[in-house]
Amino acid sequence: MVTRHIRVSGRVQGVGFRAALSDEAARLGVAGWVRNRADGSVEALVQGSADAMGSIIEWARRGPPAARVVHLEEQPPAAEFDRPYSAFELWPSL
């Protein structure tokens, strides 16, 4: 099980990024969460097999058709988020 914390910037809010990421996570069997940030970025924690992590992070570098991803930051999760997740959730904006 691999867990990664990602933050995506560019035109990623108002284009269905969170819903599309949630759909892609379900397709790949990835758990975790996604939320919008006040600075216009989208933040997510993704958890799954190494293959699934590679696939979902690669997807997030592109996003849905209306998105224009400029930058994706990837790192291990902070201690507060480092736990097992059983599903993929849409979290409230922060």
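Observations, loosely collected:
- Among the residues listed as Ser93, Ser49, the single one being polar (S, T, N, Q), over 11 Å from the mean Cα position of the chain (by Cα) and within 21 Å of Gly10 (Cβ to Cβ): Ser93
- Residue match in segment 15-23 (condition: of a type in the set (Gly, Ala, Ser) and without any contact (Cβ under 8 Å) to a residue 60 or more places away in the chain): yes
- Residues within segment 72-86 that are touching a residue at least 40 places away in the same chain (Cβ under 8 Å) and either surrounded by 11 or more Cβ atoms within 10 Å (Cβ to Cβ) or charged (D, E, K, R) (or both), tallied: 8
- Subset tally (residues that are over 17 Å from Pro84 (Cα atoms) and outside any loop (DSSP other than H, G, I, E, B)) for segment 1-16: 5
- Taking the criterion of being closer than 16 Å to Ser22 by Cβ and either open to solvent by 90 Å² or more (accessible area, probe 1.4 Å) or assigned to a helix (DSSP H, G or I) (or both), the residues of segment 54-64 that qualify are Ser55, Ile56, Ile57, Trp59, Ala60, Arg62.
- Filtered by the rule that a residue be surrounded by fewer than 17 Cβ atoms within 10 Å (Cβ to Cβ), of a type outside the set (A, V, I, L, M, F, W, C) and in contact with a strand residue (DSSP E or B) (Cβ under 7 Å, 6 or more places away or on another chain), segment 10-39 gives Arg11, Gly29, Arg35, Arg37.
- Selection count, segment 32-53, where residues are touching a Pro at 6+ places or on another chain (Cβ under 8 Å) and either of a type outside the set (Lys, Arg) or in a loop (DSSP other than H, G, I, E, B) (or both): 2
The values are calculated or read from the model by the stated rules, or taken from the named source; none is laboratory data. Owing to the predicted nature of the structure, the values given are computational and were not obtained by experimental measurement. All Cβ positions, glycine included, derive from the backbone under ideal geometry; neighbour counts span all protein chains shown. Calculation scope for accessible area: heavy atoms of the full protein, side chains included, ligands and nucleic acids excluded. Shrake-Rupley method; radii C 1.70, N 1.55, O 1.52, S 1.80 Å.
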